[in-house]
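A short write-up of the structure that comes next.
The values are calculated or read from the model by the stated rules, or taken from the named source; none is laboratory data. Computed from a predicted structure; not experimentally measured. For neighbour counting, all protein chains shown are included, and Cβ atoms are generated from backbone atoms with ideal geometry for every residue, glycine included.
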Amino acid sequence: MQTEEFAKNLWAARQSGQACELPSELLPKQALTVPLAYDIQLACTKAAGAAGEIAGYKIGATVQPIIDMFGLDEPFYGPIYKSALDHTSDPSSPLDVPLFLQHGSRIEAEFVVSVKHDLIREKQDITVADLHKHIDWIAPGFEIVASRINNNIPPTGPLVIADGGANQHMVVGTPYKEWQSLDVTQLPVSLSVGDQPPIEGNSSMSVTGNPLELVCWLLNHPGMRNTGLKAGQIVSCGTCTGAVDVLDGQNIVADYGILGKLAIKISSKSTVST
């Protein structure tokens, strides 16, 4: 299989807004395994060149129904590219976020962790206790997820992994440095998308019940053990509100309690001819 060619096409689809076709040899459901999907994900980052600088990682399928729906045994991870990351600190002035909405953009309210030191698994698994001296801050976050693969193909876990973990864009709010004073398993969030009723969520809404346990899971994952996290990189710890479709011109606001608010406005980008 031409893994590198497929990876290049996935990256091109990110940049153009067009759909990427799945190679014929991957059309049988069993053909794309999880290890091969992570290989394609890495090849996509390589194909991006300088634009593929990694600012951190997202963790997906963090609740059991989604793990089951995707036919996986555990959550998955994907890169957050610096070119697809914004920071905003003023909720009174929503940040404009241009997206290729034709990729089926959906928004998730998440909690984001940043590390202040390089951190890599060594001889034994990293625990939450180990994390405490390495975490710099926790912040509100919006992850926008989407699919670059032809939407006539039913999504599976390996397809999502290969497609960069479905990450389209990431927005991070004001860092909260005094995070150790908080019960990180009980952080609330209320997400308002356009005129829809608010969706209430909580940082405990994952298979681990703790976003920091998910950071440990990432660092202990066999695919990350030789990579780890670099100082300043972030981890987005999975949705607390589900994934909600977004529309052009829509205002989106989330209230994260003591962590503050996050506000963006969605705008649609036109497909670029290739």
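Any idea which of (1) in contact with an Asp or Glu (Cβ under 8 Å, 6 or more places away or on another chain); (2) farther than 30 Å from Leu27 by Cβ is the one Ile149 doesn't satisfy?
In the conditions (1) in contact with an Asp or Glu (Cβ under 8 Å, 6 or more places away or on another chain); (2) farther than 30 Å from Leu27 by Cβ, Ile149 misses (2) alone.
Here's the yes/no breakdown for (1) closer than 15 Å to Met170 by Cα; (2) surrounded by fewer than 17 Cβ atoms within 10 Å (Cβ to Cβ); (3) among the polar types (S, T, N, Q):
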residue	(1), (2), (3)
Thr45	no, no, yes
Ala48	no, no, no
Phe111	yes, no, no
Glu122	no, yes, no
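Cβ-Cβ below 9 Å, separation at least six or inter-chain, first residue in region 156-181 and free of Cβ contacts under 8 Å to residues at least 40 places away in the same chain, second not in a loop (DSSP other than H, G, I, E, B): which pairs?
Glu178/Trp137
Across region 4-22, what is the number of residues that are within 26 Å of Glu74 (Cβ to Cβ) and over 17 Å from the mean Cα position of the chain (by Cα)?
4
Of the numbered conditions (1) without any contact (Cβ under 8 Å) to a residue 40 or more places away in the chain; (2) assigned to a strand (DSSP E or B); (3) among the small types (Gly, Ala, Ser), Ala55 fails exactly one; give the number of that condition.
(1)
Can you tell which of Ile199, Ile258, Ile234 is modelled with pLDDT of 95 or more and either among the aromatic types (Phe, Trp, Tyr) or within 21 Å of Ser83 (Cα to Cα) (or both)? Don't jump to the end; show me each part of the working.
Values: Ile199 fails: either among the aromatic types (Phe, Trp, Tyr) or within 21 Å of Ser83 (Cα to Cα) (or both); Ile258 fails: either among the aromatic types (Phe, Trp, Tyr) or within 21 Å of Ser83 (Cα to Cα) (or both).
After applying the criteria, what remains is Ile234.
Give the number of residues within region 70-89 that are under 12 Å from the mean Cα position of the chain (by Cα) and not small (Gly, Ala, Ser).
Filtering region 70-89 for residues under 12 Å from the mean Cα position of the chain (by Cα) gives 75-81, 84-85.
Remaining after also requiring not small (Gly, Ala, Ser): 75-77, 79-81, 85.
Selection size over region 70-89: 7.
Which of the residues belonging to region 137-152 are of a type in the set (S, T, N, Q) and at pLDDT 95 or above? Steps first, answer last, please.
Initial filter on region 137-152 (of a type in the set (S, T, N, Q)): 147, 150-152.
Answer for region 137-152, where residues must be of a type in the set (S, T, N, Q) and at pLDDT 95 or above: just Ser147.
I'm trying to understand the selection: among the residues of region 140-169, which are within 17 Å of Phe76 (Cα to Cα), assigned to a loop (DSSP other than H, G, I, E, B) and not aliphatic (A, V, I, L, M)?
If the condition is that a residue be within 17 Å of Phe76 (Cα to Cα), assigned to a loop (DSSP other than H, G, I, E, B) and not aliphatic (A, V, I, L, M), then Ser147, Pro155, Thr156, Asp163 are the ones that fit.
Out of region 9-34, which residues are free of Cβ contacts under 8 Å to residues at least 60 places away in the same chain, outside any helix (DSSP H, G or I) and either of a type in the set (Gly, Ala, Ser) or buried (at least 18 other Cβ atoms within 10 Å of the Cβ) (or both)?
Ala31
Out of region 71-85, which residues are surrounded by fewer than 20 Cβ atoms within 10 Å (Cβ to Cβ) and either farther than 18 Å from Cys237 by Cβ or not charged (D, E, K, R) (or both)?
Our first condition is that a residue be surrounded by fewer than 20 Cβ atoms within 10 Å (Cβ to Cβ); within region 71-85, this holds for 71-74, 82-85.
Within region 71-85, Gly71, Leu72, Asp73, Lys82, Ser83, Ala84, Leu85 meet the criteria.
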